[in-house]
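This report concerns only the one structure given below.
The values are calculated or read from the model by the stated rules, or taken from the named source; none is laboratory data. Bear in mind that the values here come from a model prediction, so they are computed numbers and not experimental data. Cβ coordinates were reconstructed from backbone atoms using ideal geometry, including for glycine residues, and neighbour counts include every protein chain displayed. Protein only, heavy atoms only, side chains kept; ligands, DNA and RNA dropped before computing areas. Shrake-Rupley method; radii C 1.70, N 1.55, O 1.52, S 1.80 Å.
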Amino acid sequence: MTYEKFKSKYLIKNFTDKWGNPKHTRYIKKYFYMFRNQLREEFGPKLDLLYCSVPSCQFHNDYMFDGKPIIMELEHKNRITNDSRPENLESLCCLHHQQTIGYKNRKTSIADYHKSLIELQK
């Protein structure tokens, strides 16, 4: 696999399997590590899966926690999981990824979701 083949085959809007079914980008995550240097050079740090792309994050410059590595996640900005265009993706730590709308098919913001969980106690 070359970097050019990776880009033309996988970094596309409608990523599908060989039967034409939509395929989640998580299945090609290993290629983001394989071509990490080229992706970083061409698209900047937002696709660097060793670090969180949020500048204020503790994992922005370090990927270790308690001596163990943190595995970053690919965030799909438009919530379409087979849209693997670079402008739709960014690398987030699990803490920042869970704060996004659409995480695990959540339809509301994390603040609204949290509020609804608290109200269940009343």
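State which residue pairs qualify: first residue under 14 Å from L74 (Cβ atoms) and inside region 92-116, second residue among the basic types (K, R) and open to solvent by 80 Å² or more (accessible area, probe 1.4 Å) in any location, beta carbons under 6 Å apart, and separation of 6 or more residues or different chains.
G102/R79
Yes or no: region 97-113 includes at least one residue that is in a loop (DSSP other than H, G, I, E, B), aromatic (F, W, Y), open to solvent by 50 Å² or more (accessible area, probe 1.4 Å) and more than 22 Å from L11 (Cβ to Cβ).
The answer is no; no qualifying residue exists.
Listed residues R79, R85; which is surrounded by 13 or more Cβ atoms within 10 Å (Cβ to Cβ), in contact (Cβ under 8 Å) with a residue 12 or more places away in the chain, of a type outside the set (G, A, S) and at positive phi?
R79
Between L50, L39, L117, which is surrounded by 15 or more Cβ atoms within 10 Å (Cβ to Cβ) and part of a helix (DSSP H, G or I)?
L39
Which of the numbered conditions does S56 fail, given that it passes all the others? Conditions: (1) among the small types (G, A, S); (2) open to solvent by 90 Å² or more (accessible area, probe 1.4 Å); (3) in contact with a Ser or Thr (Cβ under 8 Å, 6 or more places away or on another chain).
Checking S56 against (1) among the small types (G, A, S); (2) open to solvent by 90 Å² or more (accessible area, probe 1.4 Å); (3) in contact with a Ser or Thr (Cβ under 8 Å, 6 or more places away or on another chain), the one that fails is (3).
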